[in-house]
Amino acid sequence: MSIAAANTSMRVPAGFRNLLEGLAREVLREQPTDVVAFAAEYFQKLLEQREGDGIDPVAWGAMLED
């Protein structure tokens, strides 16, 4: 049984688009053979940057989107 989703409105979280655009840009630049492993490393580096510098790239991207 399927449920119609036409009335469902989904909103992309603030900063998410910018975050994915950054990943896509790096994937295109690096052309990795294993995109999933590359994405895991990319997000791990962003997490370490956020924890080390106190700069949250998602929050920064959200400000740029406004």
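Look at (1) at pLDDT below 90; (2) in contact with a helix residue (DSSP H, G or I) (Cβ under 6 Å, 6 or more places away or on another chain) and you find that PRO32 fails only one, number (1). Taken over segment 15-25, the residue count meeting the criterion of being assigned to a helix (DSSP H, G or I) and open to solvent by less than 40 Å² (accessible area, probe 1.4 Å) is 3. Among what's in segment 28-55 and is open to solvent by less than 50 Å² (accessible area, probe 1.4 Å) and more than 12 Å from the chain's Cα centre (by Cα), pick the residue that is nearest to ARG17 (Cα to Cα). Among those that are open to solvent by less than 50 Å² (accessible area, probe 1.4 Å) and more than 12 Å from the chain's Cα centre (by Cα), it is PHE38.
The values are calculated or read from the model by the stated rules, or taken from the named source; none is laboratory data. The model shown is predicted, which means the values in this text are computed figures rather than measured ones. No Cβ is skipped: glycine too gets one built from the backbone with ideal geometry, and neighbour counts run over all protein chains shown. Heavy atoms of the whole protein, side chains included, go into the accessibility calculation; ligands, DNA and RNA do not. Shrake-Rupley method; radii C 1.70, N 1.55, O 1.52, S 1.80 Å.
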